[in-house]
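Asker: Quick one: structure below, then a few questions.
The values are calculated or read from the model by the stated rules, or taken from the named source; none is laboratory data. In this text, all values refer to a predicted model and were calculated from it rather than measured experimentally. So basically every Cβ, Gly included, is an ideal-geometry build from the backbone, and we count neighbours across all protein chains shown.
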Amino acid sequence: MELHNLKPAAGSTHSDKRIGRGQGSGRGGTSTRGHNGAKSRSGYSKKVGFEGGQMPLQRRVPKYGFKNMNRVEYKAINVSTLQTLSEKLGIEKIDPEILKNNGLASSNDLIKILGDGELKAKLEVTANKFSKSAIEIIEAKGGKIISL
């Protein structure tokens, strides 16, 4: 086998339909587009969400509710998660960087510490926000809270 005699496998390629090359070709006249209607015309493109004239889904379903554009969303992390993390890594200082490195938050997340679970270690925790119960739990163990 040489470069000059390479060929694609039999049946793997085919020539394109030659459309609009006269009546004798069998694909002249309407050029496989049928007779009338939008799809037979040049420049036709279907609108996104068009359902053939039926009322589209985005118009059938009613508007509902309200979205507060000033809402600040926090990534919630429980005290029990901090305990697990400090045991695993053997650390006493937990900040957003450590949480990001361990896959508990992403780089743009604002972090809020919640008070679910138990804490055995004395930790110094840095986060954007803390719940009252989390503050009580951390300070009861002699830990320190740093709000960003």
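Asker: Could you run through the range 94-116 and say how many residues are within 19 Å of I135 (Cβ to Cβ) and either surrounded by fewer than 14 Cβ atoms within 10 Å (Cβ to Cβ) or among the hydrophobic types (A, V, I, L, M, F, W, C) (or both)?
Answerer: 6
Asker: Report, ordered by the first and then the second residue, all pairs with beta carbons closer than 8 Å, sequence separation of six or more or different chains, a first member in the range 30-43 that is outside any loop (DSSP other than H, G, I, E, B), and a second member that is surrounded by 10 or more Cβ atoms within 10 Å (Cβ to Cβ) and of a type outside the set (F, W, Y).
Answerer: That search, which allows pairs on different chains as well, returns K39/R33; S40/T30; S40/R33.
Asker: Also: Identify, from the list Y44, Y64, the residue that is touching a helix residue (DSSP H, G or I) at 6+ places or on another chain (Cβ under 6 Å), exposed (fewer than 13 other Cβ atoms within 10 Å of the Cβ) and not basic (K, R).
Answerer: Result: Y44 is the single residue among Y44, Y64 that is touching a helix residue (DSSP H, G or I) at 6+ places or on another chain (Cβ under 6 Å), exposed (fewer than 13 other Cβ atoms within 10 Å of the Cβ) and not basic (K, R).
Asker: Still on this structure, please answer the following. Name, by its number, the condition in (1) at pLDDT 90 or above; (2) surrounded by 14 or more Cβ atoms within 10 Å (Cβ to Cβ) that does not hold for A121.
Answerer: Answer for A121: the failing condition is (1).
Asker: Can you list the strands (runs of 3 or more DSSP E) lying wholly within the range 63-148 that have 1 or more residues being of a type in the set (G, A, S)?
Answerer: 74-78, 124-127, 144-147
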